[in-house]
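Visitor: Structure provided below as structure tokens; questions to follow.
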Amino acid sequence: MPHLPASHAGRLPGAAVAQGGAAFRLFWGIGLLALVLNLGQVFNLGNINAIEKLLLLIAALAYLRHKPIAPAAAWGVALILLAVLVPGALTSFPAFTWERVLLALLALLALLGFLLAPPTPSERSLMLVSIAWLPALVLGYGLLLNVSIGRPLFMVDHTGSTRLGGATFPAFLAAACYASAIASALLYAQRRHPLYLMLAASSLAVCTLSGTRMPTACATASTALILLFAMRHAGARLALMAGGLLIGSVFLLTAGDQILRRIQSGSSSGRDQIWSALARWSDLYPYTGIGFGGHSFVIPYAISRQTSTSAAHNEYLRLLVELGYPGEAVFLAGLLLIFVAALRAPGAAGRCCCLAVLALYFLYAATDNVLYLSYTLFIPLALSLGSPFLGAQGDGRAA
């Protein structure tokens with residue numbers, strides 16, 4: 001049989017797929033490395049979030065190469081584009097810019113791209129395992145920085161609570177732990193290896209030490225739902241609940257005093273001031289918003305300085321301010337369509353479990369910036385990647 005010349009070999013479909021897979025693995029790894037190293041914050045290089053998102057966007061494009069996009073996911077993307085572009089064309093907000101809209105849209109699509117088509121088994125394993133180990137990498141890197149240059153592992157907030165941050169902000173570490181706990185629980189559902197139970201438990205412990213309230217609660221509930229569903233026998237489920245309650249109670253009474261202090265303080269960490277400021281802009285532009293990605297520019301400097309943030313910490317209010325009422329409704333419909341289409345649990349019970357975990361993620365969105373951060377978008381990504389492992393009767397052998 002004659003052989004194709006070497007110059008044409010790369011044009012074969014199989015070779016093209018292999019090249020795309022290699023590019024995906026390369027840029028996925030570099031993108032995660034950039035997230036963990038956090039060079040902008042650690043070495044005062046400024047906001048390099050755009051570079052991190054660009055690396056993940058390239059990884060997503062390589063991932064999608066030669067893959068058929070799910071029709072429902074394509075409709076979801078179309079709805080999001082409609083919700084962003086139409087209000088942008090109609091708004092009269094004087095500081096509106098298309099550049100800002102485009103950058104915010106690309107930052108979102110950089111992570112949503114991985115949800116648009118099913119992965120190969122090797123891609124699924126790579127992404128799930130790397131997400132599961134993210135907090136360990138962030139903490140290990142933070143410990144290295146602490147030893148080498150004296151960068152603190154903990155910070156003290158306005159309530160006097162000590163919060164673990166590792167090599168990043170406590171809220172970012174908490175989001176990484178949330179995603180890791182879900183990924184680890186789903187890997188346990190597939191592989192039945194106790195390592196993943198321990199990894200899920202340690203992620204929840206670190207999430208608690210970060211002092212974050214809603215992420216810790218949602219991560220704990222999500223992990224419990226997945227593990228309870230994955231257990232094949234009632235006795236195993238009872239043992240998990242009893243052991244989890246015992247270990248959780250002991251942990252809170254010994255090492256969890258800081259998060260208990262934050263809970264008892266009742267503090268909103270200045271979110272009420274941010275929300276009040278943003279609500280005024282939603283009243284001014286109720287139908288078109290001020291433009292996607294623009295909410296941070298209308299939060300008064302005095303409030304941003306006092307709260308040390310220019311983020312809304314409420315995705316529903318943020319979308320209302322940026323897109324208006326109609327735009328927000330269409331955007332959320334598109335986002336939900338993408339998330340649900342990416343869930344591939346083989347049985348009705350497994351799908352219900354996934355939807356419950358997804359509902360907790362949307363609850364989390366009411367108090368944090370879950371559509372801006374890569375770490376937070378890893379949560380629905382991990383759920384979609386591991387959803388096939390939630391087969392009937394907790395059968396983790398589903399592929």
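Read-outs: derived from the displayed coordinates by stated rules, not from any lab. A quick note: this is a predicted structure, and the numbers were derived from the prediction, not measured. All Cβ positions, even for glycine, are placed from backbone atoms using ideal geometry, and neighbour counts span all protein chains on display.
Visitor: Where the centre of each part is set by its Cα atoms, how far does the stretch 56-127 sit from the stretch 298-320, in angstrom?
Guide: So the two Cα centres are separated by 24 Å.
Visitor: Let me ask you something else. I'd like to compare 274-284, 74-84, 211-221: which one has the highest average count of other Cβ atoms within 10 Å, and what's the full order after that?
Guide: Final packing ranking: 211-221, 74-84, 274-284.
Visitor: As I understand it, the dipole of the chain uses +1 on the Cβ of Lys and Arg and -1 on the Cβ of Asp and Glu, about the Cα centre. Which of LEU319, VAL357, LEU105 lies farthest toward its positive end?
Guide: Comparing the listed Cα positions along the dipole, VAL357 ranks first.
Visitor: Over the stretch 88-208, what is the relative contact order in whole percent, taking alpha-carbon pairs under 8 Å and six or more residues apart?
Guide: It comes to 21 percent, rounded to a whole number.
Visitor: If you don't mind, there's one more thing I want to ask. Sort 232-238, 151-157 for me by packing, meaning the mean count of neighbouring Cβ atoms within 10 Å per residue, highest on top.
Guide: 151-157, 232-238
Visitor: Can you pull the percent of Cα pairs in the chain with separation above 33 Å?
Guide: 34
Visitor: For the stretch 141-195, report the translational diffusion coefficient in µm²/s to the nearest whole number, using Stokes-Einstein at 25 °C, 0.890 mPa s, and a Kirkwood Rh over Cα pairs.
Guide: Estimated diffusion coefficient is 189 µm²/s.
Visitor: On to the next question. Lone cysteines in the chain, defined as no other cysteine's Cβ under 4.7 Å from theirs: which are they?
Guide: If one checks each Cβ against the other cysteines of the chain, CYS218, CYS352, CYS353, CYS354 turn up with nothing under 4.7 Å.
Visitor: Something else now. How big is the stretch 34-115 on each of its three principal axes, counting only the C-alpha atoms and giving the largest first in Å?
Guide: Cα spread of the stretch 34-115 along its principal axes, largest to smallest: 41, 40, 13 Å.
Visitor: Report, in debye and to the nearest 20, how large the dipole of the chain comes out about its Cα centre when Lys and Arg carry +1 and Asp and Glu carry -1 on their Cβ.
Guide: Result for the chain is approximately 760 debye, rounded to the nearest 20.
Visitor: Under 8 Å for C-alpha pairs, at least 6 residues apart: give me the relative contact order for the chain, rounded to a whole percent.
Guide: Details: 625 pairs, mean separation 89.3, N = 399.
Here the relative contact order equals 22 percent.
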